[in-house]
2 protein chains.
Amino acid sequence: MSEINFRIVARVIGILLCFEALFMLLPLSVAIYYNESDIYAFLLTIGITAIVGLCSTFIFKRHSKQMGKREGFLIVSTSWIFFSLFGMLPFLIHGDIDNITDAFFETMSGCTTTGATILDDIESLPHGILFWRSLMQWLGGMGIILFTLAVLPMLNSGGGIQLFNAEVPGITHDKLRPRISETAKRLWIVYLSITVLLIVLLVLGPMNFFDAVCHALTTTATGGYSTKQNSIAYWDSAYIEYVIIIFMLISGINFSLVYHAALGDYKKLLQDEETKWFLFVVLLATAAIAAGLFISGQIYGNAEKTIRTALFQVSTCITTTGFATADFAKWGPFFNVVIFCVMFFGACAGSTSGGAKTIRMVVVLKNTANEFYRHLHPNAVVPVRINRRVISYDLVSKILAFLFVYVLVVAISALVLSSLGLSFEESFGCTLSCLSNVGPGFGRMSSDFSFEIIPTLGKWVLSFDMLIGRLELFTVLILFSPYFWKKS
Amino acid sequence: MSEINFRIVARVIGILLCFEALFMLLPLSVAIYYNESDIYAFLLTIGITAIVGLCSTFIFKRHSKQMGKREGFLIVSTSWIFFSLFGMLPFLIHGDIDNITDAFFETMSGCTTTGATILDDIESLPHGILFWRSLMQWLGGMGIILFTLAVLPMLNSGGGIQLFNAEVPGITHDKLRPRISETAKRLWIVYLSITVLLIVLLVLGPMNFFDAVCHALTTTATGGYSTKQNSIAYWDSAYIEYVIIIFMLISGINFSLVYHAALGDYKKLLQDEETKWFLFVVLLATAAIAAGLFISGQIYGNAEKTIRTALFQVSTCITTTGFATADFAKWGPFFNVVIFCVMFFGACAGSTSGGAKTIRMVVVLKNTANEFYRHLHPNAVVPVRINRRVISYDLVSKILAFLFVYVLVVAISALVLSSLGLSFEESFGCTLSCLSNVGPGFGRMSSDFSFEIIPTLGKWVLSFDMLIGRLELFTVLILFSPYFWKKS
Ligand SMILES: [K+]
Ligand SMILES: [K+]
């Protein structure tokens with residue numbers, strides 16, 4: 001391998017920052033519209049971000065455009081980091097957050113669509129800042145669609161998840177541009193359409209236009225940032241809750257399938273094995289939690305509301321959105337275990353959701369069933385099939401390695417958090433919540449929906465968890481492998 | 001496949017029961033020697049067990065001796081169950097335990113070398129009963145040596161662990177007898193020698209002969225039953241603790257390697273990769289826990305005793321022995337996470353220890369490192385090597401499937417326990433402790449070292465965990481697979 005071409009990395013990051021500055025014109029407009037104190041913060045941030053972005057873009061313009069895998073890995077990982085570094089400036093300049101650790105955590109939580117927050121008085125924030133939090137998640141979701149459908153296949157990374165995206169046309173190895181734009185454009189149109197449709201539906205309910213826009217942005221991105229401290233519970237509206245449930249579930253499905261369904265081709269969606277499993281797990285977990293709530297006497301008003309509450313928490317956790325209508329972390333150990341399993345599970349590949357993803361779990365479950373069969377018939381060849389297609393042995397192994405690393409990261413991260421004084425449940429809960437990009441806290445972190453009280457080191461570990469969870473582990477972790485930096 | 005030959009299963013179980021009755025003559029002798037109230041209980045149990053055993057052996061004598069894999073799986077799984085069903089009779093007849101759930105739990109915990117107990121006043125038991133508890137563990141350990149080194153390879157089961165036992169000669173597929181007896185005999189001699197040596201060393205310290213025998217039996221078997229409610233802490237002796245630490249670690253090493261080392265061939269042991277990793281993890285975890293104790297100010301008298309306490313708990317948990325010199329479950333979340341990791345890890349394959357086993361973890365770690373390499377060089381062929389030998393892809397996949405099922409069983413079992421009212425930590429702690437055949441409890445179960453307060457259903461689930469953990473999961477779980485019972 002040749003040396004890493006850092007110049008092209010710097011140039012791409014420069015372009016990214018230019019886009020970030022452009023998108024920041026939106027919260028600036030909101031700030032100007034409401035004429036609030038955050039106008040200056042956005043103006044200054046846009047200025048800084050645009051200057052750094054433009055300089056980086058033009059200084060490295062004339063240099064070699066050769067780009068290989070390693071540059072790809074570097075660009076993807078540093079994209080989210082640089083986006084956060086500049087995206088956190090409005091919080092700091094406006095003074096909503098007074099230290100870099102918290103500001104970085106909040107911004108990384110935003111652009112990875114995690115939604116964990118260190119703020120404990122959301123309603124006091126100006127509209128521009130609130131809108132920026134939501135927009136970051138929406139942009140992060142857009143980035144993740146581009147990443148999983150176009151960049152991952154090229155990098156051959158991510159524990160085999162890319163091969164399930166049947167929609168991805170053959171992308172050539174050395175060039176990013178050719179076919180990506182076409183696929184990405186189609187999916188972004190779906191993404192945008194869902195968002196607009198949701199805004200309309202929310203405005204029809206008891207939500208004002210501003211809140212509707214913000215929640216539509218964070219629902220479609222399965223992000224979970226809210227404009228209210230009490231999240232969706234604030235509205236106490238069955239209509240809002242059902243609408244959000246449906247759109248969280250839609251946002252948990254492979255966007256290619258949603259695209260085809262939107263064009264009238266429902267067949268692909270209805271016959272997709274991953275979607276079926278995903279919905280099956282939603283129903284199963286909802287039944288378990290609803291039953292548990294009834295048995296333990298934790299009734300929410302009436303039967304309908306109790307079942308709705310169960311369905312909402314399962315949907316929000318499995319799609320890794322992280323909205324809340326109840327403090328489910330307080331329900332008891334049984335519910336926590338179910339929620340943990342569901343958070344680990346995640347929704348479908350090719351969506352904006354985090355977690356291990358249904359498809360990986362299904363492949364591993366099928367492979368395990370085959371392993372039992374092979375115990376009795378050692379010479380039998382029994383491949384794993386998804387949607388009638390054979391999944392190669394190599395891919396199964398990649399997926400198993402992915403899950404192993406996932407569990408390993410959970411263990412190491414929980415170990416660090418527990419050494420900082422977090423309880424057993426808090427350590428595992430917050431790690432899993434951040435690594436799977438879900439968002440809600442556990443234990444003390446669940447009471448006020450805020451991660452504020454976690455020590456500084458813990459916040460950096462969790463920020464790192466969000467990043468590697470969002471980028472399917474290997475994409476980031478490979479930067480820590482000696483192979484990556486070795487000249488050979 | 002033909003029909004399952006239940007008759008040969010019944011005959012083998014009959015023979016096993018005859019042996020159990022024979023071995024019970026030992027606790028009977030102890031009871032007679034101390035002239036205590038448990039003589040009658042053992043006499044009656046021996047009578048019942050011998051009659052059932054002899055009947056089963058002779059009734060099914062004339063029938064077909066054809067034995068295949070499925071009969072093998074059935075025999076192994078039911079062996080431990082029937083051994084427990086008859087082995088629990090002395091507890092019930094003598095009245096030490098007043099219900100079948102608790103008696104079965106205690107006996108299954110014994111013969112699987114788990115050592116979790118529902119008794120909360122061990123010292124009140126007569127000597128015969130105490131000896132029977134220890135002897136059960138020793139016999140269980142003996143059974144497990146036979147199982148991993150001879151039966152597993154034949155059944156091609158257990159997540160690939162058998163292939164590492166380089167000592168196992170080619171055993172033909174259809175017959176149990178030919179080479180097993182030779183290998184097993186050699187290893188049992190090692191097992192017996194270690195036990196005798198340990199008795200001598202313990203008697204030289206402040207332990208009486210009876211306690212020395214009982215503890216030697218349960219140390220070599222990595223069982224963990226003690227004759228004192230406070231376990232090894234009762235003696236408060238540095239000598240006893242160091243002796244037990246050393247013998248727990250020896251009992252955690254592959255017995256084939258111990259055998260060769262005992263004959264003067266140290267080279268194999270010193271060069272063995274699994275042993276090196278095992279000892280490395282012991283040192284690493286001890287350092288982490290000792291450092292944690294010092295930092296958190298939980299000092300045990302002086303520095304030496306604090307480090308010794310850390311080393312003891314790590315050794316007892318990683319070798320899945322389960323003796324205690326401190327209530328480590330109360331140390332705090334950080335320590336619990338370390339202990340959990342160590343319990344999951346386990347010691348070496350081919351020992352009497354439980355858990356996932358070091359070799360499996362090493363293979364998976366190496367495979368993961370390779371997966372990173374393959375991300376950058378997709379066409380490179382980089383096999384996993386252990387002791388310079390290549391581990392086949394098929395085997396790596398088996399091991400990954402094993403670990404996945406392990407985690408799955410932990411999750412399901414913890415879910416059931418949490419639904420019965422156990423806390424989050426108790427549910428996961430007790431499940432892992434039983435599944436890995438370690439023994440100590442967590443949360444409320446750690447205070448008096450007793451599982452008594454767990455609800456009935458929970459005790460049965462944990463008994464089942466002990467059984468499937470002891471028999472490397474697949475051997476038992478395959479009985480629940482439809483493939484097993486299907487005629488084809
Ligand atoms: K989220
Ligand atoms: K044990």
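The values are calculated or read from the model by the stated rules, or taken from the named source; none is laboratory data. Because the structure is predicted, anything quoted here is derived from the model rather than measured. Reconstructed Cβ throughout: ideal geometry from the backbone, glycine too, with neighbour counts over all protein chains shown.
Take the conditions under 20 Å from the mean Cα position of the chain (by Cα), within 16 Å of ligand 2 (Cβ to nearest atom) and part of a helix (DSSP H, G or I) and apply them to B:Leu249. Does it pass? Taking the combined requirement at face value, the residue satisfies it. So how many residues does segment A:382-391 have that are exposed (fewer than 13 other Cβ atoms within 10 Å of the Cβ) and either within 9 Å of chain B (Cβ to nearest Cβ) or under 21 Å from B:Pro383 (Cα atoms) (or both)? Number of matching residues: 0. Going by the structure shown, is A:Ala324 closer than 30 Å to B:Ser397 by Cα and more than 16 Å from ligand 2 (Cβ to nearest atom)? Against the criterion (closer than 30 Å to B:Ser397 by Cα and more than 16 Å from ligand 2 (Cβ to nearest atom)), A:Ala324 does not qualify.
For the condition modelled with pLDDT of 95 or more and within 16 Å of ligand 2 (Cβ to nearest atom), what is the one hit in B:Ala216, B:Ala221?
On the way: B:Ala221 fails: modelled with pLDDT of 95 or more.
None of the other options fit; the residue is B:Ala216.
Checking the structure you have, find out if any residue of segment B:189-200 is in a helix (DSSP H, G or I) and of a type in the set (S, T, N, Q). Yes: one or more hits. Just so you know, in segment B:63-118 the residues that are within 20 Å of B:Phe131 (Cα to Cα), of a type in the set (Asp, Glu) and more than 16 Å from ligand 2 (Cβ to nearest atom) include one that is farthest from the other protein chains (Cβ to nearest Cβ), and it is B:Asp96.
Pairs linking a residue in segment A:212-231 that is among the charged types (D, E, K, R) to a residue that is outside any helix (DSSP H, G or I) and within 16 Å of ligand 2 (Cβ to nearest atom), with Cβ atoms under 9 Å and 6 or more positions apart or on different chains, do not occur. Can you spot a residue in segment A:284-296 that is modelled with pLDDT under 95, farther than 21 Å from A:Ile339 by Cβ, surrounded by fewer than 19 Cβ atoms within 10 Å (Cβ to Cβ) and more than 16 Å from ligand 2 (Cβ to nearest atom)? No: segment A:284-296 contains no residue that is modelled with pLDDT under 95, farther than 21 Å from A:Ile339 by Cβ, surrounded by fewer than 19 Cβ atoms within 10 Å (Cβ to Cβ) and more than 16 Å from ligand 2 (Cβ to nearest atom). When segment B:397-416 is examined, which residues are found to be free of Cβ contacts under 8 Å to residues at least 60 places away in the same chain and more than 7 Å from chain A (Cβ to nearest Cβ)? Residues satisfying the conditions are B:Leu408, B:Val410, B:Ile412, B:Ser413, B:Val416. Quick check, is A:Phe335 aromatic (Phe, Trp, Tyr) and either within 21 Å of the chain's Cα centre (by Cα) or more than 14 Å from chain B (Cβ to nearest Cβ) (or both)? Here the answer is no, as A:Phe335 does not meet what is asked. In the set (1) modelled with pLDDT of 85 or more; (2) closer than 21 Å to A:Phe372 by Cβ; (3) over 18 Å from the mean Cα position of the chain (by Cα), B:Arg470 fails one condition alone, (3).
Please verify whether segment B:297-308 includes one or more residues that are under 19 Å from B:Ile250 (Cβ atoms) and either within 16 Å of ligand 2 (Cβ to nearest atom) or outside any helix (DSSP H, G or I) (or both). I'd like the intermediate steps shown before the answer.
Keep residues of segment B:297-308 that are under 19 Å from B:Ile250 (Cβ atoms), which gives B:308.
Within this subset, residues satisfying the condition of being either within 16 Å of ligand 2 (Cβ to nearest atom) or outside any helix (DSSP H, G or I) (or both) are none.
Checking segment B:297-308: not a single residue is under 19 Å from B:Ile250 (Cβ atoms) and either within 16 Å of ligand 2 (Cβ to nearest atom) or outside any helix (DSSP H, G or I) (or both).
If the condition is being facing another protein chain (nearest Cβ under 8 Å) and crowded, with 21+ Cβ neighbours inside 10 Å, then segment B:360-370 contributes B:Val364, B:Asn367.
Among the residues making up segment B:424-444, those that are within 14 Å of chain A (Cβ to nearest Cβ), of a type outside the set (Val, Ile, Thr) and surrounded by 20 or more Cβ atoms within 10 Å (Cβ to Cβ) are B:Phe424, B:Glu425, B:Glu426, B:Ser427, B:Phe428, B:Gly429, B:Cys430, B:Leu432, B:Phe442.
Taking A:Thr148, is it touching a helix residue (DSSP H, G or I) at 6+ places or on another chain (Cβ under 9 Å) and at pLDDT 90 or above?
Working: touching a helix residue (DSSP H, G or I) at 6+ places or on another chain (Cβ under 9 Å): yes; at pLDDT 90 or above: no.
Answer is no for this residue.
Out of A:Leu119, A:Leu163, one residue alone is buried (at least 18 other Cβ atoms within 10 Å of the Cβ) and at pLDDT 70 or above. It is A:Leu119.
Within segment A:393-425, work out how many residues are among the polar types (S, T, N, Q) and in contact with a Lys or Arg (Cβ under 9 Å, 6 or more places away or on another chain). Reasoning before the result, please.
At the first step, the residues of segment A:393-425 found to be among the polar types (S, T, N, Q) are A:397, A:413, A:418-419, A:423.
Okay, now just the ones that are also in contact with a Lys or Arg (Cβ under 9 Å, 6 or more places away or on another chain), so A:423.
Count: 1.
Here's the yes/no breakdown for (1) out of contact with any Phe, Trp or Tyr (no Cβ under 6 Å at 6 or more places or on another chain); (2) within 30 Å of A:Ser231 (Cα to Cα); (3) without any contact (Cβ under 8 Å) to a residue 60 or more places away in the chain:
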{"site": "A:Ala326", "(1), (2), (3)": "yes, yes, no"}
{"site": "A:Gly332", "(1), (2), (3)": "yes, yes, yes"}
{"site": "A:Asn336", "(1), (2), (3)": "no, yes, no"}
{"site": "A:Gly346", "(1), (2), (3)": "yes, yes, no"}
{"site": "A:Ile359", "(1), (2), (3)": "no, yes, no"}
{"site": "A:Arg374", "(1), (2), (3)": "yes, no, yes"}
{"site": "A:Val382", "(1), (2), (3)": "no, no, yes"}
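Close contacts from segment B:103-116, counting a first residue that is modelled with pLDDT of 95 or more and a second that is among the acidic types (Asp, Glu) and buried (at least 24 other Cβ atoms within 10 Å of the Cβ), with Cβ to Cβ under 9 Å and a gap of 6+ residues or different chains, come to none at all.
Taking segment B:144-155, which residues are under 14 Å from the mean Cα position of the chain (by Cα) and buried (at least 24 other Cβ atoms within 10 Å of the Cβ)?
Taking segment B:144-155 and keeping what is under 14 Å from the mean Cα position of the chain (by Cα), we get B:144-148.
Result: B:Ile144, B:Thr148.
If you scan segment A:264-306, which residues turn out to be more than 14 Å from chain B (Cβ to nearest Cβ) and over 26 Å from A:Met361 (Cα atoms)? Scanning segment A:264-306 gives A:Gly264, A:Asp265, A:Ile299, A:Tyr300, A:Gly301, A:Asn302, A:Ala303, A:Glu304, A:Lys305, A:Thr306.
Restricting attention to segment A:81-130, which residues are within 15 Å of ligand 1 (Cβ to nearest atom), assigned to a helix (DSSP H, G or I) and not charged (D, E, K, R)? Once the filter is applied, which keeps residues that are within 15 Å of ligand 1 (Cβ to nearest atom), assigned to a helix (DSSP H, G or I) and not charged (D, E, K, R), segment A:81-130 yields A:Phe105, A:Thr107, A:Met108, A:Ser109, A:Gly110, A:Cys111.
Residues that are within 26 Å of A:Leu467 (Cβ to Cβ) and out of contact with any helix residue (DSSP H, G or I) (no Cβ under 6 Å at 6 or more places or on another chain) within segment A:225-249 comprise A:Ser226, A:Ser231, listed in sequence order.
State all residues of segment B:269-282 that are surrounded by 18 or more Cβ atoms within 10 Å (Cβ to Cβ) and in a helix (DSSP H, G or I); if no residue qualifies, say none.
First, pick out the residues of segment B:269-282 that are surrounded by 18 or more Cβ atoms within 10 Å (Cβ to Cβ): B:269, B:272, B:274-275, B:277-278, B:281-282.
Result: B:Leu269, B:Glu274, B:Thr275, B:Trp277, B:Phe278, B:Val281, B:Val282.
Determine whether B:Gly429 is away from ligand 2 (no atom under 16 Å from the Cβ) and in contact (Cβ under 8 Å) with a residue 40 or more places away in the chain. The answer is no for B:Gly429.
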